[in-house]
Amino acid sequence: MVEIRYFAAIAEAVGRTGEALDLPAGATVADLRATLSATYGPDVDKMLSVCAYLIGDELTRDPEAPLSSTVDVLPPFAGG
């Protein structure tokens, strides 16, 4: 089970701030994106393609990065 937390625009797009997904051991960011795209549709997939993923203490956009038990999905932020 992987705990997914959504922030900002991606949370609005999926209509929630988090959920637990039953992903197989060794699942990657690409697997997570495929699961979320199948669940929420192609518009969310476009957003996921520009998101960063906080896995443990590492921020990544690498689709081959393995998931940990908690993953934060972070859309690009603007501001200053």
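Note on the stretch 25-42: among residues that are assigned to a loop (DSSP other than H, G, I, E, B) and more than 20 Å from P76 (Cα to Cα), the one that is modelled with the highest pLDDT is A27.
Determine whether the stretch 9-24 contains at least one residue that is farther than 13 Å from P75 by Cβ, part of a helix (DSSP H, G or I) and not acidic (D, E). No.
What are the residues in the stretch 6-16 that are open to solvent by 30 Å² or more (accessible area, probe 1.4 Å) and either within 13 Å of C51 (Cα to Cα) or within 10 Å of the chain's Cα centre (by Cα) (or both), if any? Talk me through it step by step, then tell me what you get.
The initial filter retains those residues of the stretch 6-16 that are open to solvent by 30 Å² or more (accessible area, probe 1.4 Å), namely 7-9, 12-13, 15-16.
Hits for the stretch 6-16 are F7, A8, A9, A13.
All conditions in (1) outside any strand (DSSP E or B); (2) surrounded by 15 or more Cβ atoms within 10 Å (Cβ to Cβ) hold for L54, with the sole exception of (1). Would you point out which residue out of E3, E19 is touching a residue at least 60 places away in the same chain (Cβ under 8 Å), exposed (fewer than 15 other Cβ atoms within 10 Å of the Cβ) and in contact with a strand residue (DSSP E or B) (Cβ under 6 Å, 6 or more places away or on another chain)? Going through E3, E19 in turn, the sole match is E3. Touching a Leu at 6+ places or on another chain (Cβ under 9 Å), modelled with pLDDT under 95 and open to solvent by 30 Å² or more (accessible area, probe 1.4 Å), is that true of D45? So D45 passes the test.
The values are calculated or read from the model by the stated rules, or taken from the named source; none is laboratory data. Note that the coordinates shown come from a computational prediction; the quantities given were computed from them, not determined experimentally. Every residue, glycine as well, gets a Cβ built from its backbone with ideal geometry; the counts of neighbours run over all protein chains shown. These accessible areas exclude ligands, DNA and RNA; they are computed on the full protein's heavy atoms, side chains included. Shrake-Rupley method; radii C 1.70, N 1.55, O 1.52, S 1.80 Å.
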